[in-house]
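The values are calculated or read from the model by the stated rules, or taken from the named source; none is laboratory data. Fair warning: this is a prediction, and the values are worked out from it, not measured in the lab. As a convention, Cβ positions derive from the backbone with ideal geometry for all residues, glycine included, and neighbour counts pool all protein chains shown. Each accessible area value is taken on the protein alone, full model and side chains, heavy atoms only, with ligands, DNA and RNA left out. Shrake-Rupley method; radii C 1.70, N 1.55, O 1.52, S 1.80 Å.
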Amino acid sequence: MRGAVLTASVALYVRPAVAADLPRLAALRAEAAAWIALEHGSAQWSSPYDPERGLALIARGATVVAALAPRGEAVATVTLRPTGSPRLWSGEELALPARYLSSFTVDRRYAGRGIGARLGDWAAWRAARAGAGLLRVNVWSDNAALHAYYRARGWRWVRTVTGSRSGALFERATVAVALPPRVREADGLRV
């Protein structure tokens, strides 16, 4: 299955991250940081993973992992929060019903299979269910390849905040977003 696109017939299982996932989340980030530095010359995620922050987001139910089997190894992760940073988003923007993505990472062994796109669509669906009309993300300002990735998937560039390493702001509408095919959620998912 290596290198194959994740088709609609292959399920993606989304569940809340738990404290035991912390080493896997740190490994996914480190792997992504090394790849981004090598392939794109960006220092994105080059600072050490903050386990305390990771545990706090897990405790709030904001971080999820995705696997290719119900209790399988995490192949991707994303954090979905109800508030954005006031350093990046204006008061008017923050007043609009939105959800904010962060720490969106796919295991490099599974890159190019559509997992990130499907997990992003799931996040938009989840945001719509929560009454948010927008899904937003701020990404590393110098990572042009990541900017192109979001644009190619229908995200709109809002602006780049000067003086912020992660100040490239993107958003997409969540109106009429359907649950992506064959995405299965764990019972009790609180995101």
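Tabulated data
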item	result
Of residues in segment 80-98 being among the small types (Gly, Ala, Ser) and without any contact (Cβ under 8 Å) to a residue 40 or more places away in the chain, the one surrounded by the fewest Cβ atoms within 10 Å (Cβ to Cβ)	91
Segment 23-54, residues that are surrounded by fewer than 17 Cβ atoms within 10 Å (Cβ to Cβ) and either within 14 Å of the chain's Cα centre (by Cα) or among the aliphatic types (A, V, I, L, M) (or both)	26, 27, 30, 34, 37, 38, 43
Top-ranked residue of segment 67-79 - restricted to ones that are touching a helix residue (DSSP H, G or I) at 6+ places or on another chain (Cβ under 8 Å) and open to solvent by less than 20 Å² (accessible area, probe 1.4 Å), ranked as farthest from residue 10 (Cα to Cα)	79
Test: residue 6 is modelled with pLDDT of 95 or more, open to solvent by less than 60 Å² (accessible area, probe 1.4 Å) and either closer than 24 Å to residue 172 by Cα or of a type outside the set (Lys, Arg) (or both)	no
Answer residue from segment 128-145, given it is modelled with pLDDT under 95 and hydrophobic (A, V, I, L, M, F, W, C) and is surrounded by the most Cβ atoms within 10 Å (Cβ to Cβ) among those	139
Residue check, residue 101 at pLDDT 95 or above, in contact with a Gly (Cβ under 9 Å, 6 or more places away or on another chain) and loosely packed, with under 15 Cβ neighbours inside 10 Å	no
Residues being part of a loop (DSSP other than H, G, I, E, B), crowded, with 17+ Cβ neighbours inside 10 Å and touching a Leu at 6+ places or on another chain (Cβ under 8 Å) - total across segment 167-191	4
Top-ranked residue in segment 146-166 [being in a helix (DSSP H, G or I) and either within 13 Å of residue 123 (Cα to Cα) or not aromatic (Phe, Trp, Tyr) (or both); ranked as least open to solvent (accessible area, probe 1.4 Å)]	147
